[in-house]
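The values are calculated or read from the model by the stated rules, or taken from the named source; none is laboratory data. Everything quoted here is computed from the prediction, not taken from an experiment. We place every Cβ from the backbone using ideal geometry, glycine too, and count neighbours over all the protein chains shown.
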Amino acid sequence: MERDIRLKRLKFRAWHRGTKEADLMIGGFFDAHGAGWTDDELDWFEALLEEQDVDIMAWAIGSMPCPREWDGPMMQAMRSLSYVPLPR
């Protein structure tokens, strides 16, 4: 699949999670970092989107231990929370 199309699909999936909180966290993370990701990082994110939103958010904010398969540099970046857009 063309990278352009893949990015558009991932952006849609990241921003249409079901709750505003998940949209902001997961979609904001994608918007802040997704364009610069390698194919392997895109694969990681695409697989992460198959997980439950509550789990992803809990791993990112540290309220639940993160499984080994998701823990690493990408989850560390998600934990920074400096990417969440704040409405003004």
- prompt: Which of (1) modelled with pLDDT under 95; (2) within 12 Å of the chain's Cα centre (by Cα) does Pro87 not meet, given it meets every other one?
  reply: (2)
query: Picking from Gly62, Gly28, Gly18, Gly34, which residue would you name as being modelled with pLDDT under 95 and at negative phi?
result: Gly28
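Listed here are the residues, each with its yes/no results for (1) touching a residue at least 60 places away in the same chain (Cβ under 8 Å); (2) in contact with a Lys or Arg (Cβ under 9 Å, 6 or more places away or on another chain); (3) not hydrophobic (A, V, I, L, M, F, W, C).
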{"residue": "Gly36", "(1), (2), (3)": "no, no, yes"}
{"residue": "Glu51", "(1), (2), (3)": "no, no, yes"}
{"residue": "Val54", "(1), (2), (3)": "no, no, no"}
{"residue": "Trp59", "(1), (2), (3)": "no, yes, no"}
{"residue": "Asp71", "(1), (2), (3)": "no, no, yes"}
statement: Those residues of the range 14-29 that are surrounded by 13 or more Cβ atoms within 10 Å (Cβ to Cβ), assigned to a helix (DSSP H, G or I) and not small (Gly, Ala, Ser) come to a total of 7
message: Looking at the range 2-13, I want the residues that are part of a helix (DSSP H, G or I) and have a partner that is small (Gly, Ala, Ser) and surrounded by 15 or more Cβ atoms within 10 Å (Cβ to Cβ) with Cβ atoms under 8 Å, at least 6 apart or on another chain. Which pairs are those?
response: Leu7/Gly34; Leu10/Gly34; Lys11/Gly27; Lys11/Gly34
- prompt: Out of the range 30-69, which residues are part of a loop (DSSP other than H, G, I, E, B), closer than 21 Å to Phe12 by Cα and not acidic (Asp, Glu)?
  reply: Trp37, Thr38, Leu49, Gln52
